[in-house]
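Structure record follows, encoded as structure tokens.
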Amino acid sequence: MSSQRAVVSSMASRWQQSANVVSKATVEQAEPLAHQLAAEMAASGLLRSFSSNFSTAWPLLTRSALLSPLRLSPKPYNGRTIASSSRLSAALKFTDKHEWVRVEDNGTGTVGISNFAQEALGDVVYCGLPEVGTQLAQQDEFGALESVKAASELYSPLTGEVVEVNTLLADNPGLVNKSCYKDGWLMKMTIANPAEVDALMDEAAYEKYIRSIED
């Protein structure tokens with residue numbers, strides 16, 4: 001009787017080990033172990049006492065083994081954003097130097113850099129912007145951005161006069177990275193020649209341009 005209890009205790013321990021293995025393994029890996037255990041139980045005359053527990057536990061164990069890989073599936077990788085999928089970028093026009101301009105309701109143009117440009121720059125640490133009243137021709141240099149790994153000059157997308165600069169960037173230049181199409185704008189200017197706006201690239205054309213220079 002004591003030897004039978006010892007066998008039962010040993011089998012129970014082996015059964016717990018089997019359950020632990022099944023919870024971490026696939027069904028194909030766990031099934032041979034379970035059948036081996038069942039064979040040992042049969043040899044010791046204990047299969048009947050464990051068969052009902054086995055038939056109840058096996059579906060739960062196999063279900064656990066089948067579900068586990070789903071939780072470990074990696075998420076698909078999304079490549080670098082070229083422009084923006086937000087509504088903000090839909091009204092933007094882009095230059096080949098990666099500035100954007102948005103025509104506001106009052107007729108002025110808000111200027112900034114594209115998402116592509118800020119990602120290429122890295123963390124911006126300094127924004128050099130023009131003084132209000134500065135007269136600019138299209139493609140004139142109007143300032144510079146410095147990051148932890150590079151510096152880049154800024155070029156005016158249009159002809160006009162600077163009427164406002166983003167003073168928040170003096171203390172928080174990182175807004176250019178965090179919100180390049182909204183809070184991280186650089187300056188606002190008058191639009192002396194509206195035809196210059198029409199000649200700039202829309203978002204679709206800009207995306208195509210970016211792809212062409214990356215290939």
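The values are calculated or read from the model by the stated rules, or taken from the named source; none is laboratory data. From a predicted model like this one, the values you see are computed outputs, not experimental measurements. A quick note on method: Cβ atoms are made from the backbone with ideal geometry, for glycine too, and the neighbour counts reach across all protein chains shown. For accessibility, only protein heavy atoms count, side chains too; no ligands or nucleic acids. Shrake-Rupley method; radii C 1.70, N 1.55, O 1.52, S 1.80 Å.
Cβ-Cβ contacts under 7 Å between residues 6 or more apart (or on different chains), taken from a first residue in the stretch 117-137 that is of a type in the set (F, W, Y) to a second residue that is open to solvent by 50 Å² or more (accessible area, probe 1.4 Å), are listed as Y126/E146. Just one of the listed residues (L121, L129) is among the hydrophobic types (A, V, I, L, M, F, W, C) and touching a Gly at 6+ places or on another chain (Cβ under 7 Å), namely L129. The number of residues in the stretch 124-142 that are more than 30 Å from the chain's Cα centre (by Cα) and either under 17 Å from S114 (Cα atoms) or of a type outside the set (S, T, Y) (or both) comes to 13. Each residue in the stretch 142-187 was checked for being part of a strand (DSSP E or B), closer than 18 Å to G107 by Cα and open to solvent by 10 Å² or more (accessible area, probe 1.4 Å), and 4 pass.
Looking only at the stretch 193-215, filter to residues that are assigned to a loop (DSSP other than H, G, I, E, B) and open to solvent by 70 Å² or more (accessible area, probe 1.4 Å); which one of those is farthest from T159 (Cα to Cα)? That would be D215.
Residue check: N193 meets all listed conditions (1) touching a Phe, Trp or Tyr at 6+ places or on another chain (Cβ under 9 Å); (2) of a type in the set (S, T, N, Q); (3) under 18 Å from K93 (Cα atoms) but one, namely (1). Identify the single condition in (1) polar (S, T, N, Q); (2) at pLDDT 95 or above; (3) open to solvent by 20 Å² or more (accessible area, probe 1.4 Å) that S114 does not satisfy, given that it satisfies every other one. Just one mismatch for S114, condition (3).
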